[in-house]
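Peer 1: Structure provided below as structure tokens; questions to follow.
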Amino acid sequence: MTGQNQTIQTPILEVTDLSVSIPTPRGPIFPIRDVSFSLERGGLLAIVGESGSGKTLTGLSLLGLLPEASEKVGGSIRFGGKELLGSSEEEWNTLRGSRISMVFQEPQSALNPILTIGSMFREIFQSHPSGINSDQRESIIRELLSSVGLPRPDSISRSYPHQLSGGMRQRVLIAMAIALKPDIVIADEPTTALDVTISGQILSLLLERNRVDRMALILISHDLGIVRRTANRILVMYAGRIVETVSGQRFFSSGPSHPYSQALLLSRPSAGQKTKYDGPLEAIRGQVPPLWDLPPGCAFAPRCPKADNRCRTESPPWIETGPDEAAFCFYPGSGEDAA
Ligand SMILES: Nc1ncnc2c1ncn2[C@@H]1O[C@H](COP(=O)(O)OP(=O)(O)OP(=O)(O)O)[C@@H](O)[C@H]1O
Ligand SMILES: [Mg+2]
């Protein structure tokens, strides 16, 4: 029993102090800075934060797909105990799709417009040989397309991306991401632009794969309604940094501790929504500072109701706020501030 628990709790992914710098005409920016987190096999993790906070780049870094302009990449990404930073392109290629895969934020650009859906699936299987013959492969492709709720898989297989609706393309992308039964799927805004019914189905599908195959899920989403249904653990990002790590349970019950996380919760639209957490994020007072002009202290200080002189001049510490929970803040709250 104890042994089994230990296996479950062994992190499959450990990211430590990951930082990426990109040169820009205004000077180097750090779109990801000192990002640290871990993920257990079969874990459910969500990354939330406003636009530009570094969520997508964090996901891309786990696949070795950072922008070409990225210069300094520091820290560590350990997957199954092996360091990934510094891997060759060939090593990344072996890993991508088969062990870690991503449902990209832009479904249109993630699908090759000149290939049929079936051809794209065949490429996935051919690039990671598994000894299956072509009949078996075709049958797996049909099963995958059916499993994501696509009717008439043979006809979908013969279609080009532009012949499908946005919701269908998103389902195809999810089927592709789970095709090789990876250990981790990163789903970047997988339900944006989909109606509520379809987004609910897509979420159920990812959760089913998580349950059945113990596929760990990293969900990147603006939509706290979706995050609430999904995540055991939530990372809140702001201006390239994780500013709080908190259990999903606490985030949505007694509330998070960092003033920014609390502002995210309070910015939920409430009127006309089923719950106060449904729907996309609304703006928080003030602007995210540009990455080339971050304030010397806490990046959230200019917008923070609690900020004092220290917050504006000194980098905040990590303060433990609960078991396995912490906030990057001089004055983390009790959570009730956001309730
Ligand atoms: N190739 C690049 N060159 C320079 N800056 C970049 C590049 N790619 C991303 N950035 C910057 O890095 C920051 C983080 O981008 P990222 O796409 O990770 O944000 P995000 O949190 O996913 O936002 P959104 O919610 O809008 O998807 C942004 O400020 C973005 O402008
Ligand atoms: Mg993004």
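Peer 1: List every residue pair whose Cβ atoms lie under 6 Å apart, where the two residues are 6 or more positions apart in sequence or sit on different chains, the first residue falls within region 211-235 and is under 15 Å from Pro182 (Cα atoms), and the second residue, located anywhere, is in a helix (DSSP H, G or I) and of a type in the set (D, E, K, R).
Peer 2: Between residues of region 211-235 that are under 15 Å from Pro182 (Cα atoms) and residues that are in a helix (DSSP H, G or I) and of a type in the set (D, E, K, R), the close pairs are Met215/Arg209.
Peer 1: Another question about this same structure. Please specify each residue of region 286-328 satisfying the condition of being part of a loop (DSSP other than H, G, I, E, B), open to solvent by less than 80 Å² (accessible area, probe 1.4 Å) and over 20 Å from Gly52 (Cα atoms). Before you say what the answer is, go through the steps one by one.
Peer 2: Narrowing region 286-328 to residues part of a loop (DSSP other than H, G, I, E, B): 286-290, 294-300, 304-308, 314-317, 323-324.
Those still in the list that are open to solvent by less than 80 Å² (accessible area, probe 1.4 Å) too: 286, 288-290, 294-295, 297-300, 304, 306-308, 315-317.
Hits for region 286-328 are Lys306, Ala307, Asp308, Ser315, Pro316, Pro317.
Peer 1: Next question. Name the one entry in Pro25, Pro31 that is free of Cβ contacts under 8 Å to residues at least 12 places away in the same chain and within 16 Å of ligand 1 (Cβ to nearest atom). Before you say what the answer is, go through the steps one by one.
Peer 2: Values: Pro31 fails: free of Cβ contacts under 8 Å to residues at least 12 places away in the same chain.
The conditions single out Pro25.
Peer 1: Taking region 63-84, which residues are away from ligand 2 (no atom under 16 Å from the Cβ), assigned to a loop (DSSP other than H, G, I, E, B) and touching a strand residue (DSSP E or B) at 6+ places or on another chain (Cβ under 8 Å)? Even if it seems obvious, please write down each step before you answer.
Peer 2: Residues of region 63-84 away from ligand 2 (no atom under 16 Å from the Cβ): 64, 68-69, 71-84.
Okay, now just the ones that are also assigned to a loop (DSSP other than H, G, I, E, B), so 64, 68-69, 71-72, 80-81, 84.
Listed by number, the residues that qualify are Gly64, Ala69, Glu71, Lys72, Gly80, Leu84.
Results for (1) open to solvent by 60 Å² or more (accessible area, probe 1.4 Å); (2) hydroxyl-bearing (Ser, Thr, Tyr), shown as yes or no for each residue.
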| site | (1), (2) |
| --- | --- |
| Gly149 | no, no |
| Ser159 | no, yes |
| Met176 | no, no |
| Thr192 | yes, yes |
| Gln201 | yes, no |
| Asn210 | no, no |
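Peer 1: Within region 47-62, count every residue that is surrounded by 21 or more Cβ atoms within 10 Å (Cβ to Cβ) and either acidic (Asp, Glu) or away from ligand 2 (no atom under 13 Å from the Cβ) (or both).
Peer 2: Qualifying residue count for the region: 1.
Peer 1: If you don't mind, there's one more thing I want to ask. Counting only residues that are touching a Phe, Trp or Tyr at 6+ places or on another chain (Cβ under 6 Å) and assigned to a strand (DSSP E or B), which one in region 20-33 is farthest from Val185 (Cα to Cα)?
Peer 2: The residue in question is Ile29.
Peer 1: Return the residue satisfying two criteria in turn: it lies in region 63-98 and is within 16 Å of ligand 1 (Cβ to nearest atom) and among the charged types (D, E, K, R), and of such residues it is most open to solvent (accessible area, probe 1.4 Å).
Peer 2: Glu68
Peer 1: Which pairs do you get when a residue that is within 19 Å of Pro25 (Cα to Cα), found in region 54-75, comes within reach of a residue that is away from ligand 2 (no atom under 16 Å from the Cβ) and among the small types (Gly, Ala, Ser), reach meaning Cβ atoms under 7 angstrom, with the pair 6+ apart or on two chains?
Peer 2: Taking only residues 6 or more apart or on different chains, the pairs are Glu71/Ser21; Lys72/Ser21.
Peer 1: Considering Thr192, Thr197, which residue is within 12 Å of Pro107 (Cα to Cα) and among the hydroxyl-bearing types (Ser, Thr, Tyr)?
Peer 2: Details: Thr197 fails: within 12 Å of Pro107 (Cα to Cα).
Sole residue among the options that is within 12 Å of Pro107 (Cα to Cα) and among the hydroxyl-bearing types (Ser, Thr, Tyr): Thr192.
The values are calculated or read from the model by the stated rules, or taken from the named source; none is laboratory data. Since this is a predicted model, take the numbers as computed values, not measurements. Cβ atoms come from the backbone with ideal geometry, glycine included; neighbour counts cover every protein chain shown. Quick note on the areas: whole protein, heavy atoms, side chains included, nothing else; ligands and nucleic acids left out. Shrake-Rupley method; radii C 1.70, N 1.55, O 1.52, S 1.80 Å.
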